[in-house]
Amino acid sequence: MSGTLYLVPTPIGNLGDISQRMADTLSGADFIAAEDTRVTVKLLNHLGIKKPMVPYHRHNCQDMGGVVADRLLAGENCALVTDAGTPAISDPGEELVARCVRLDIPVVAVPGPCALVTALAVSGQPTGRFTFEGFLPMNKKNRRARLEQLRGEERTLIFYEAPHKLAATLRDLADTLGPDRPVSLCRELTKLHEEVVRTTLGAAAERYRDEPPRGEFVLVVRGAEPREEAPADLEDGLLLVERLREEGLSLRDAVKRAAKELGLSRNELYDRAVGK
Ligand code: SAM
């Protein structure tokens with residue numbers, strides 16, 4: 001029987017965010033696949049855990065993915081960790097999870113720190129509907145094309161960005177989505193210099209134009225203003241009448257309810273419903 005791949009999140013800056021289950025899963029695994037073993041060994045030392053590790057990162061994920069999968073198929077349990085945060089979210093863990101799923105190897109995700117969720121929660125932007133965009137493409141043309149696609153997106157938009165690319169990204173965002181769009185720049189979350197700057201894309205682009213920022217960032221951008229919905233017409237009314245009839249309402253009651261809900265003339269809707 002094959003072993004299990006455990007996705008173990010690690011702190012995004014504050015060791016106090018280590019959970020009991022994270023520590024138990026790391027110590028219970030047969031081996032750990034780590035994005036950077038030098039980073040992970042510090043965490044293991046902090047927890048007093050000694051465990052064999054294999055490096056698993058974006059430069060070796062094809063070959064090493066196969067090695068890890070073979071060991072899982074042979075019955076070993078593996079804990080996957082990346083440098084910080086939840087494995088498989090904008091990091092090479094994604095490929096290993098997909099490989100295991102293809103091979104029917106059980107995958108268990110331990111919940112824990114994740115930069116995008118932490119940023120969204122603290123951003124002050126609407127959280128009910130959001131879209132995570134990860135890192136924008138590096139290539140300028142592809143980047144612009146992606147941003148053009150997002151111009152009318154009404155959900156809150158979340159981006160990861162490296163500090164040395166932040167100024168250019170803010171400029172591109174301000175140019176495409178408009179300088180007045182609210183943005184929350186969530187920097188160094190859970191760390192000593194944690195900071196959330198709530199401003200507009202235009203002001204943020206200006207602020208970081210000549211002053212390259214330090215630290216890690218998540219950008220949480222307000223979605224586009226909702227488009228005005230077209231008023232309902234008699235066709236919408238007829239569809240609703242049909243649905244209400246299916247629910248058991250009489251024709252008269254269905255027309256009355258549909259006309260009220262959609263702001264239509266009851267007589268006109270009734271005439272159309274009886275085919276006048
Ligand atoms: N898998 C990780 C997660 O979802 O938490 C993210 C990995 S991704 C390679 C790294 C990016 O996450 C950084 O470039 C930055 O955008 C964001 N990030 C990670 N830690 C952060 C922190 N403490 N504060 C703000 N952003 C952070």
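Every number here is computed from the coordinates shown, using simple stated rules; none is lab data. Computed from a prediction, not measured in an experiment: that's the story for all the values here. We place every Cβ from the backbone using ideal geometry, glycine too, and count neighbours over all the protein chains shown.
Sorted largest first, the principal axis extents computed over the alpha-carbon atoms of the range 71-179 equal 54, 31, 26 Å. Label point of Ala162 set 7 angstrom out along Cα-Cβ; within the range 135-155, amide nitrogens under 12 Å from it belong to 136, 138-139.
Highest first, please rank the peptides 98-108, 153-163 by the mean number of other Cβ atoms sitting within 10 Å of their residues.
Working: 98-108: 14.3, 153-163: 18.2.
In descending order of packing, they fall as 153-163, 98-108.
Temperature 20 °C, viscosity 1.002 mPa s: under these conditions the Stokes-Einstein estimate for the range 5-109, based on its Kirkwood radius over C-alpha pairs, is 159 µm² per second.
Relative to the dominant Cα principal axis of the chain, helix 234-246 is inclined by about 80°. Compute the normalised compactness of the range 116-221: alpha-carbon radius of gyration over 2.2 N^0.38 Å, N being the residue count. Ratio of Rg to 2.2 N^0.38 Å for the range 116-221: 0.97.
The dipole here belongs to the chain: it is taken about the Cα centre, uses +1 on the Cβ of Lys and Arg and -1 on the Cβ of Asp and Glu, and is about 200 debye. Spin-label model, Met1/Phe135: points 7 Å from Cα along the beta carbon direction are separated by 3.9 nm.
For the chain, calculate the relative contact order in percent as a whole number, restricting contacts to Cα pairs under 8 Å that are 6 or more residues apart. Contact order relative to length: 17 percent. Counting Lys and Arg as +1 and Asp and Glu as -1 over every other residue whose Cβ lies under 13 Å from the Cβ of Ala109, the net charge comes to 0. One decimal place: the segment Lys260-Leu15 gains 82.5 nm when fully extended, by the rule 0.36 nm per residue minus the C-alpha distance. Near Glu216, the amide H atoms lying under 5 Å from its own belong to Glu188; only residues 5 or more places off or on other chains count, and H is placed 1.01 Å from N.
Site pair Asp36 and Arg102 shows an inter-label distance of 2.9 nm when each label is modelled 7 Å from Cα along Cα→Cβ.
Fully extended, how many nm does the chain gain between Lys50 and Glu228 (0.36 nm per residue separation, minus their Cα-Cα distance)?
Numbers: separation 178, 0.36 × 178 = 64.08 nm, distance 5.92 nm.
Working it through step by step, the gained length comes to 58.2 nm.
When you work out D = kT/(6 pi eta Rh) for the chain at 4 °C and 1.567 mPa s, using the Kirkwood radius from C-alpha pairs as Rh and the Stokes-Einstein form, the result is 58 µm²/s. Computed on the Cα atoms alone, the convex hull of the range 234-275 gives a volume of 53 cubic angstrom per residue.
Relative contact order, percent, of the range 116-221 when contacts are C-alpha pairs under 8 Å separated by at least 6 residues? Mind dumping the intermediate values first?
Details: 186 pairs, mean separation 35.3, N = 106.
Here the relative contact order equals 33 percent.
Scanning residues 5 or more positions from Thr200 or on other chains, those with amide H under 5 Å from its amide H are Val183, with H placed 1.01 Å from N in the peptide plane.
Partners of Lys42 within straight-line reach, counting lysines whose Cα lies under 19 Å from its Cα and excluding those fewer than 8 residues away in the same chain: Lys50, Lys51, Lys191.
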